[in-house]
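Enquirer: Take this structure first; my questions come after.
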Amino acid sequence: MREKTPALFRYLFLFMTIVFASCIGRDRTVIAVMTKLEAGSIVGTSEINMAKLFIEENAIDDIEIFSINDNWDPEQSKAALDTISKEGIKILITSHTSTCAVPIMDRINREKILTFVTGATTDVLTGRDDYIFRNIQDVKTEQESIAEYLNGMPVSSVLIVRDIDNIGYTDPALKYFRKYIRKTISGAIDINVSRINIAKLKAAMSGRNCDAVYLLIGGYKSNAAGTIAQVAKSLYPSCKIMFTPWVRSPQLLESAGGAIRDCILPSHYPPRGKNPALSRQIDVFKKKFGYAPTYISFNVYGALQILDEAIKAGHRAPDDIRRYILEKKTFRTKFITVSFNKYGDTDIPLYFVTDIEKEF
């Protein structure tokens, strides 16, 4: 009998450990991060790694990240949402483009999936009493900010090059930019960035009277944006080039070459030297993962920080989290302060980086 008792206690201890671990697992809140995880893309891996860094830095033990690939493709976004729904996940962070956000927004609201949109600025999401929050400007405010910056520059005319691959973003963006710009528009050229013909583009851009070029390109098509910036500088050596916030990645430096010195990059965050927390985070990230993060990754970090605060306050169901955020309104995240209106939209400043080389 003496020999069996220790064995009995061992089995009992093992049983209790399994039960305890099971309970701990069930207590975790699962948050899906839907992003572009195709092979060779640092966009999605940067966001997932930033989410992991958030968990690690803050010793989070009650949140589990569920990463899912949608390749920033509308049909794949629908399929990814199918998976999220089947898994019973009720909290989602997306980083995809406006073209992906619009097709799934109705289902998100129908199924009451509390969603943080960190990359889609479309005005279709603006002013809706729903389950979608954004910690970025919407397209109207973004384009007004860009137009006003150009209005204050010593330039007289602007040539626009617009990517129609991401028409869900660039169509309303062009509409609002035209509304707010007070400079002469010397032309608007539509291109398909995914199958760009540089020779044809150069011919279309030639012979214009312009001293500024606005590259209305999003979706982290940074290589294409940098290449077109070089084309612009070859045609108009003294011109200034304006990007959108959605090409901010290390690849922009490589593709733009020397043209980068005459480029302006709108940013959701102050220039690196003016935001110590951001600078430190970039250094930590580079040391841990070996490359510089995309800036949309900081939007993902901020969304997680807000959601973590709500969860720690005892709110786990979508309706409870939604109510908590709308009632508190203002959140001081690690990098910026975010204030939400009654629709879950936010009006934060847009900064303009003129020394882009220092950012990466």
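Enquirer: Is it true that some residue in the range 121-139 is of a type in the set (S, T, Y), under 17 Å from P266 (Cβ atoms) and not assigned by TED's automatic domain parsing to the domain that holds A79?
Expert: no
Enquirer: Out of the residues in the range 286-314 that are assigned to a loop (DSSP other than H, G, I, E, B) and of a type in the set (A, V, I, L, M), which is nearest to P245 (Cα to Cα)?
Expert: It comes out as A292.
Enquirer: Check I108, I136 and return the single one that is touching a Leu at 6+ places or on another chain (Cβ under 8 Å) and surrounded by 17 or more Cβ atoms within 10 Å (Cβ to Cβ).
Expert: I108
Enquirer: Restricting to the range 306-323, and then to whatever is surrounded by fewer than 19 Cβ atoms within 10 Å (Cβ to Cβ) and under 23 Å from the mean Cα position of the chain (by Cα), can you tell me which residue is nearest to S339 (Cα to Cα)?
Expert: Among them, the one singled out is E309.
Enquirer: Considering only residues that are part of a strand (DSSP E or B), farther than 22 Å from G273 by Cβ and out of contact with any helix residue (DSSP H, G or I) (no Cβ under 8 Å at 6 or more places or on another chain), which ones fall in the range 336-360?
Expert: S339, T346
Enquirer: Which one is farthest from V102 (Cα to Cα), of the residues in the range 49-80 that are modelled with pLDDT of 95 or more and aromatic (F, W, Y)?
Expert: F54
Enquirer: Something else: Scan the range 246-301 residue by residue and report those that are basic (K, R) and touching a strand residue (DSSP E or B) at 6+ places or on another chain (Cβ under 9 Å).
Expert: Those that are basic (K, R) and touching a strand residue (DSSP E or B) at 6+ places or on another chain (Cβ under 9 Å): R248, R272, K274.
Enquirer: Moving on to the next point. If you go through the range 239-246 one residue at a time, do you hit one that is of a type in the set (D, E, K, R), assigned to a strand (DSSP E or B) and over 26 Å from E56 (Cα atoms)?
Expert: Our first condition is that a residue be of a type in the set (D, E, K, R); within the range 239-246, this holds for 240.
Remaining after also requiring assigned to a strand (DSSP E or B): 240.
Keeping just the survivors that are over 26 Å from E56 (Cα atoms) gives 240.
Within the range 239-246, one or more residues are of a type in the set (D, E, K, R), assigned to a strand (DSSP E or B) and over 26 Å from E56 (Cα atoms).
Enquirer: Go through I146, I93, I136, I108 for me and flag whichever is touching a residue at least 12 places away in the same chain (Cβ under 8 Å) and over 22 Å from I348 (Cα atoms). Step through it out loud before you land on a result.
Expert: Numbers: I146 fails: over 22 Å from I348 (Cα atoms); I93 fails: over 22 Å from I348 (Cα atoms); I136 fails: over 22 Å from I348 (Cα atoms).
None of the others qualify; the one that does is I108.
Enquirer: Same structure again: Could you list, in sequence order, all residues of the range 75-118 that are within 26 Å of D171 (Cα to Cα), basic (K, R) and in contact with a Pro (Cβ under 8 Å, 6 or more places away or on another chain)?
Expert: Across the range 75-118, the qualifying residue is only K78.
Enquirer: Scanning the range 209-242 for residues that are among the aromatic types (F, W, Y) and touching a Ser or Thr at 6+ places or on another chain (Cβ under 9 Å), which turns out farthest from S95 (Cα to Cα)?
Expert: Here the residue is Y214.
Enquirer: Could you run through the range 252-285 and say how many residues are among the hydrophobic types (A, V, I, L, M, F, W, C), in a helix (DSSP H, G or I) and over 12 Å from F298 (Cβ atoms)?
Expert: Total meeting the criteria: 6.
Enquirer: Let me ask you something else. Restricting to the range 97-113, what's the tally of residues that are within 13 Å of R134 (Cβ to Cβ) and not in a helix (DSSP H, G or I)?
Expert: Qualifying residue count, the range 97-113: 0.
Enquirer: Going through the range 225-251 one residue at a time, which ones are crowded, with 23+ Cβ neighbours inside 10 Å, over 16 Å from the mean Cα position of the chain (by Cα) and under 25 Å from S297 (Cβ atoms)?
Expert: A225, G226, I228, A229, I241, M242
Enquirer: Go through the range 157-209 and give me each residue that's at negative phi and among the small types (G, A, S).
Expert: Of everything in the range 157-209, those that are at negative phi and among the small types (G, A, S) turn out to be S157, G168, A173, S186, A188, S194, A199, A203, A204, S206.
Enquirer: Output the residue which, of all residues in the range 20-48 that are at pLDDT 65 or above and of a type in the set (S, T, N, Q), is nearest to A317 (Cα to Cα).
Expert: Taking the range 20-48 first, the residues at pLDDT 65 or above are 27-48.
Right, trim to of a type in the set (S, T, N, Q) and you get 29, 35, 41, 45-46.
Values: T29: 9, T35: 23, S41: 33, T45: 28, S46: 28 Å.
Selected residue: T29.
Enquirer: Related question: Taking the conditions exactly as written (assigned by TED's automatic domain parsing to the domain that holds Y324, touching a Cys at 6+ places or on another chain (Cβ under 9 Å) and surrounded by 24 or more Cβ atoms within 10 Å (Cβ to Cβ)), does A101 satisfy them or not? Steps first, please.
Expert: Values: assigned by TED's automatic domain parsing to the domain that holds Y324: yes; touching a Cys at 6+ places or on another chain (Cβ under 9 Å): no; surrounded by 24 or more Cβ atoms within 10 Å (Cβ to Cβ): yes.
Criteria not met by A101.
Enquirer: If you take the residues in the range 157-182 that are at pLDDT 95 or above and touching a Ser or Thr at 6+ places or on another chain (Cβ under 6 Å), which one is surrounded by the fewest Cβ atoms within 10 Å (Cβ to Cβ)?
Expert: By that ranking, first place goes to S157.
The values are calculated or read from the model by the stated rules, or taken from the named source; none is laboratory data. On a predicted model such as this, the values are computed, not experimentally measured, just so you know. Heads up, the Cβs are rebuilt from the backbone with ideal geometry, glycines too, and the neighbour counts pull from every protein chain shown.
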